[in-house]
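Please read the structure below before turning to the comments.
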Amino acid sequence: MSELPNPVDFAVPAFVALMLVEIWLVRRRKQTRAYSPGDTATSLFLGLGSTVAGVLSAGLVYALATWVHTFALFDIGLDLRSWWWAWILCFVIDDLAYYVFHRSAHRVRWFWASHVIHHSSQHYNLSTALRQTWTGFLSIAFIFRLPLFLIGFPPAMVFFVAGLNLIYQFWIHTEAIDRLPRWFEAVMNTPSHHRVHHATNARYLDRNYAGVFIVWDRMFGTFEPETEAETIRYGLVNNIGSFNVLWAAVHEWVGIVRDVWRAPWRHKLNYVIREPGWSHDGSRDTSDTIRAAWLEKGKQ
Amino acid sequence: MNLLQIIGSLVAVLAVIAAVKLLGLGRAQLAGPSEACENAEAMVHGFTATDAIVCGEGNGALVAGDKGDFVVLKRLGSYYAARKLLPPISTAERDDTVLHIESGDRYFGRVNLTFPDAASRTAWQQRLEHSA
Ligand SMILES: [Zn+2]
Ligand SMILES: [Zn+2]
């Protein structure tokens, strides 16, 4: 296995401490809606389950990464002193790979079925950050990182920077921080940008996919700034309406199986590869139809 | 990840949940029918509310739409989750003021609404049963 430790393991105590600080802060500011016990429990148990699922599949993913790395274009070492620039480059390219993964996770139902867990809370606080998938391996999300191994970044380096990326994304799941200095908001993903990502308001659907650097969204046309004029509704277009941990983890997979089973043959595959909410008879809402209806309403 | 880390994480998880509980976070209450309508329209796309009744001290609500359709709201933590009720709507009165409504979704479950009085319970139950 990897010769480097998993940085996330070291961050967990800080995650817990920061959650306690946020809980104390929202209580002091009388923002009593920010947390609720049932929701927090669901988020944290989903986080715990995700860690276990990750450990179970880590060996296989690492073996695959090592195999792909044998076809590497460049020979890149791990040593920080001689390869410091490769570490930085790896972090940046990995964040781009994360952007591509994340965008696909919202536009292809197979990937969405795994990612939906992260969006299944109607609350938005630091505990929401820990609502992580149990079925990442099943969704083959790891394919988005394969190009890094092909370039030549060692698997240990890639998994380490991927851990740092995940740690960065923790603190942006909060309403306790409003806006940060302009230069920071311009380059980095922030609580404000990520609130937009978790919103179900038509204006905000499928926006701000960034992990660490918001520049990817600005470059590829998926950026939307947060506006004071609109109160954010967090969660899903169709909220699951339940704190059941297992259901939160698997409901979209069950939905896929149901739809594929019922659909006419020529439409079956589309229920797997089209965007979430797609239906062959157009009877359901997708983010595109919701946005179109909203734009139409705005014109009137 | 070793056993000690798992146990440590579990203890931390329970501590955080306890903090949220002890500080009394997670309360919400629908202020009135207009807030219920607003919630239903925002969460069920294409639904236009006409009137609503808030039940059980703001824990849930029934919202009627302009097409003779209905949306039920239930509180989940600090927020509300909504389901459009598909006819035939299955209801059962538990007593004069309490109505059980099947959401038609196993995990959303059955919603129990406590009406302000028996008359409103009867009126809304009749509306639901006659919904198209
Ligand atoms: Zn997302
Ligand atoms: Zn997030």
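Of the residues making up region B:88-132, those that are over 18 Å from the mean Cα position of the chain (by Cα) and under 30 Å from A:Gly255 (Cβ atoms) are B:Pro88, B:Glu129, B:Ser131, B:Ala132. Only one of the numbered conditions (1) assigned to a helix (DSSP H, G or I); (2) more than 19 Å from A:Val161 (Cα to Cα); (3) more than 10 Å from chain B (Cβ to nearest Cβ); (4) among the aromatic types (Phe, Trp, Tyr) is not met by A:Tyr98, and that is (2).
Counting only strands (runs of 3 or more DSSP E) that sit completely within region B:48-106, those holding 3 or more residues that are touching a strand residue (DSSP E or B) at 6+ places or on another chain (Cβ under 7 Å) and either open to solvent by 30 Å² or more (accessible area, probe 1.4 Å) or polar (S, T, N, Q) (or both) correspond to B:49-55, B:91-93.
Residue-by-condition table, conditions (1) open to solvent by less than 50 Å² (accessible area, probe 1.4 Å); (2) facing chain B (nearest Cβ under 9 Å):
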residue: A:Pro13; (1), (2): no, yes
residue: A:Lys30; (1), (2): no, no
residue: A:Tyr62; (1), (2): yes, no
residue: A:Phe71; (1), (2): no, no
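Condition test on A:Arg218, is it away from ligand 2 (no atom under 15 Å from the Cβ), of a type in the set (Lys, Arg) and farther than 18 Å from A:Leu126 by Cα? Considered against the rule, which asks whether it is away from ligand 2 (no atom under 15 Å from the Cβ), of a type in the set (Lys, Arg) and farther than 18 Å from A:Leu126 by Cα, A:Arg218 comes out as yes.
Can you pull out the residues in region A:30-46 that are modelled with pLDDT of 95 or more and either in a helix (DSSP H, G or I) or more than 22 Å from A:Phe243 (Cα to Cα) (or both)? Once the filter is applied, which keeps residues that are modelled with pLDDT of 95 or more and either in a helix (DSSP H, G or I) or more than 22 Å from A:Phe243 (Cα to Cα) (or both), region A:30-46 yields A:Pro37, A:Gly38, A:Asp39, A:Thr40, A:Ala41, A:Thr42, A:Ser43, A:Leu44, A:Phe45, A:Leu46.
Per-residue answers, yes or no, for (1) in a helix (DSSP H, G or I); (2) closer than 23 Å to A:Phe15 by Cβ:
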| site | (1), (2) |
| --- | --- |
| A:His102 | yes, yes |
| A:Trp110 | yes, no |
| A:His115 | yes, yes |
| A:Thr133 | no, yes |
| A:Ile143 | yes, no |
| A:Leu148 | yes, no |
| A:Trp183 | yes, no |
| A:Ala186 | yes, no |
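Checking each residue in region A:32-56 for being facing another protein chain (nearest Cβ under 8 Å) and open to solvent by 20 Å² or more (accessible area, probe 1.4 Å) picks out A:Thr32, A:Arg33, A:Pro37, A:Gly38, A:Ala41, A:Phe45, A:Leu48, A:Thr51, A:Val52, A:Val55. The number of residues in region B:1-47 that are outside any helix (DSSP H, G or I), more than 30 Å from A:Ala11 (Cα to Cα) and in contact (Cβ under 8 Å) with a residue 12 or more places away in the chain comes to 8.
With the condition kept exactly as written, say whether any residue in region A:160-177 is open to solvent by 20 Å² or more (accessible area, probe 1.4 Å) and farther than 25 Å from B:Val20 by Cβ.
The initial filter retains those residues of region A:160-177 that are open to solvent by 20 Å² or more (accessible area, probe 1.4 Å), namely A:160, A:164, A:166-168, A:171, A:175-177.
Right, trim to farther than 25 Å from B:Val20 by Cβ and you get A:160, A:164.
Scanning region A:160-177, I find at least one residue that is open to solvent by 20 Å² or more (accessible area, probe 1.4 Å) and farther than 25 Å from B:Val20 by Cβ, so the answer is yes.
The values are calculated or read from the model by the stated rules, or taken from the named source; none is laboratory data. Model, not experiment: these values are computed from the prediction. When we count neighbours, we look across all protein chains shown, and the Cβ atoms used for this are built from the backbone with ideal geometry, even at glycine. What goes into the accessible areas is simple: the full protein's heavy atoms, side chains included, and nothing from ligands, DNA or RNA. Shrake-Rupley method; radii C 1.70, N 1.55, O 1.52, S 1.80 Å.
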